[in-house]
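Notes to accompany the following structure.
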Amino acid sequence: MARDEDVKAALLIIGNEILSGRTKDANLSYIGERLNTLGIRLAEVRVVADDEVDIVAALNALRARYSYVFTTGGIGPTHDDITAGCIAKAFGLPLIENPQARALLEAHYEPGQLNAARLRMARTPEGAELIENPVSTAPGFRVENVYVMAGVPRIMQAMFESVAPTLVGGKPLLSRTVVCDLPEGRVAEELARIQSHFPDVQIGSYPSFRAGNYGTNLVLRDTDDERLSAAAAEVFKLVADLGGNPMNDPH
């Protein structure tokens, strides 16, 4: 159940290489975990191709709905890096060569190495605020509630950490996991009863297979540690009453 203090975010992953399966996305889990520690819920994730119409439509839908939107991918030096232009179009802003970004690139590259392709990485919507990139210098940028970052995980993480102190969230979402050796079907009915008694606690059931046996990981999440502990104790007792062997997983 959502609370008034919930702050929600969305992630827009951009790139044909992600959709084709050629590149495995490693940014979603990092962003989700870091946002949670900041008290921000990652509520929606979309993956779109390098297509202007699709990127603009997805961005406009997400930025109107969530407090924060993060994008990854498409801000490099090649012809298919079209994210900056798409952000500008979504906001109705001109795409410019950002003088601060150009100065950073000029300081980074040896004389004569800053060619036209690399200068594409200095383009931002007019008025955008740069996001520091301590790894490879070429910056990301922010326009209103949209944070535009690189797709390369190491660079994206550095960019995210540079803006993390500015993000304002609510209470961090805590979690408890009860691991049991019973299949989902054995616990489902009584688990629903516990959920009805704790409507504010997220209770999820995830099947597992260990040592040739089916089991279930029962994951509980809430911002209130006392409520979370009470619900977890009920789940632990449920498994034991059904003849299972429950274990608390600290993770």
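The values are calculated or read from the model by the stated rules, or taken from the named source; none is laboratory data. What you see is a predicted model; the values in this text were computed from it and never measured. Note that we place each Cβ from the backbone using ideal geometry, even for glycine, and neighbour counts take in every protein chain shown. With ligands, DNA and RNA removed, areas are computed over all heavy atoms of the protein, side chains included. Shrake-Rupley method; radii C 1.70, N 1.55, O 1.52, S 1.80 Å.
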For segment 129-152 and segment 162-212, distance of Cα centres in Å: 33 Å
Calculate for the chain the 222 nm mean residue ellipticity that helices alone would give, adding -39,500 (n - 2.57) per DSSP H run of length 4 or more and normalising by residue count, nearest 500 deg cm²/dmol. -11000 deg cm²/dmol
Going by alpha carbons, how many degrees (0 to 90, nearest 10) lie between the helix axis of 225-241 and the longest principal axis of the chain? 50 degrees
Would you mind working out the accessible area per residue for segment 133-251, using a 1.4 Å probe, and quoting it in Å²? 51 Å²
Expressed as a whole percentage, what fraction of the accessible surface of the chain belongs to carbon and sulfur atoms when a 1.4 Å probe is rolled over the protein heavy atoms? 52 percent
Ranked order, HIS108, HIS197, HIS79 - accessible area, probe 1.4 Å, largest first: HIS79, HIS197, HIS108
Which whole-number percent gives the relative contact order of the chain, counting Cα pairs below 8 Å spaced six or more residues apart? 18 percent
Going toward the positive end of the dipole of segment 146-251, with +1 on Lys and Arg Cβ and -1 on Asp and Glu Cβ, which of GLY243, CYS180, ILE155 do you reach last? ILE155
Of GLY151, GLY21, GLY39, the one that fluctuates the most in a GNM where the chain has Cα springs shorter than 10 Å: GLY21
